[in-house]
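Okay, structure first, notes after.
The values are calculated or read from the model by the stated rules, or taken from the named source; none is laboratory data. Remember, predicted model here, so these are calculated numbers, not experimental data. Note that each Cβ is placed from the backbone with ideal geometry, even for glycine, and that neighbours are counted across all protein chains shown.
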Amino acid sequence: MTDAQETAADHPLRTPGSQRQQPPAPQPPENGVAVEGPTPLLEPRDGIPPVIADADALAEVVAGFAAGTGPVAVDAERASGYRYGQRAYLVQLRRAGAGSALIDPVACPDLSALGEVITGAEWVLHAATQDLPCLREIGLVPTRIFDTELAGRLAGYPRVGLGAMVENVLGFVLEKGHSAVDWSTRPLPEPWLRYAALDVELLVDLRDALEKELDRQGKLDWARQDFAAIAAAPPTPPRKDPWRRTSGMHKVRRRRQMAVVRELWQTRDRIAQRRDISPGKVLGDAAIVEAALALPTNTAALAQLSGFGRVGRRQLEHWQSAVDRAKALPESALPGPGQSTAGPPPPRAWADKDPAAAARLSAARAGVSALAERLNMPQENLISPDAVRRVCWEPPTPLTPESIGTALAGHGARAWQIEQVTPLLVSALSQ
């Protein structure tokens, strides 16, 4: 789990203007430790396991986890910000009867044999959608999951990072100082391995406590529906025109400048992929945007721009060539100002385009906000904002609870979400 994910997960999740309180923490499981306050968890209970990096050692782990019982705690560490892509550089697992395992997926890139022996078990992950793509690449594909971050959101905890959840729910303090390190480093330092092992040490305990809390609040079935949807979701297709997400792209207005962004972005991506480093370490987004706005005529002009001043002459020539290629494109080959997408326009434009739709959206948002407050959960977990926008922009006809439920289901809403929000959407769309 990366530092960025932990930071985002720790952000207080409140609906606008709310004062949601954290629910009472369930009692920590009995583990021989008397907890009167947060207790630092400094060492894995069985010590730091050796890193599995060859076929024989992996076979032993497979046999051990096949003989284990109960849920399997799973986590993965990536090298975001250091390496190209989001591949896993360490996989951590723990199961009753098998203990913990740390596996090097660089040395053991095919973990499908392990995946097969635990496929029928429930996998416990924290922020599952972050780790499932890289786990899938190495043959680890669950059929059932329990996401402790999502469970925390549904239960109303204001901070749902793993460290905060373990502390608030179980009464233990996890050291999180190594989450943003370069996990592609070999050999991995012992403190990093200790941190990695501790990340799965209490995941099953956390899962059990959260299950009890969700059941107490009457939300356990809701959580199970969400978990099933995550486990069944197909891989996310590659983003179309990813260069359009360059930070600062909103400053680029002219099509010729957009072509420069596209050419520099694609050139940078090829270099980053070839060298297996993060694209941001090759050339920053700010430099790409500045070059697009300036349209430099030669390397001397390019070198004057922020982000290019310390670039070597050969590299400057490389980047200038990309700029020149974009400048030489015919008008017919220039990118458009934006890709048309299916669905409603940005909400800020609704008042001008369709005042009635804007009124429907305002009423729907107010209803969703009030309901989320009563249910003590973030609005985005109650119902997808995109689903609300789409239904408000083009209400189904005839306007009935059944038609609204069908429309929401078509936008990915689960049965519990449809049941909760349909009455308020009927009211909002009837205005």
Among (1) under 25 Å from residue 223 (Cβ atoms); (2) crowded, with 18+ Cβ neighbours inside 10 Å, residue 119 falls short only on (2)
Determine whether segment 76-92 contains at least one residue that is buried (at least 17 other Cβ atoms within 10 Å of the Cβ), modelled with pLDDT of 95 or more, of a type in the set (Asp, Glu) and within 22 Å of residue 119 (Cβ to Cβ). no
Has segment 206-226 got at least one residue that is at pLDDT below 95 and either of a type outside the set (A, V, I, L, M, F, W, C) or over 30 Å from residue 383 (Cα atoms) (or both)? no
How many residues does segment 404-425 contain that are crowded, with 17+ Cβ neighbours inside 10 Å and either outside the structural domain of residue 363 (by TED's automatic domain parsing) or not in a helix (DSSP H, G or I) (or both)? 2
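Mind listing just one residue for me: the one in segment 175-196 that is more than 21 Å from the chain's Cα centre (by Cα) and among the aliphatic types (A, V, I, L, M) and, of those, farthest from residue 94 (Cα to Cα)?
The initial filter retains those residues of segment 175-196 that are more than 21 Å from the chain's Cα centre (by Cα), namely 175, 185-194.
Narrowing the set further to residues that are among the aliphatic types (A, V, I, L, M) leaves 188, 193.
Values: 188: 19, 193: 14 Å.
Here the residue is 188.
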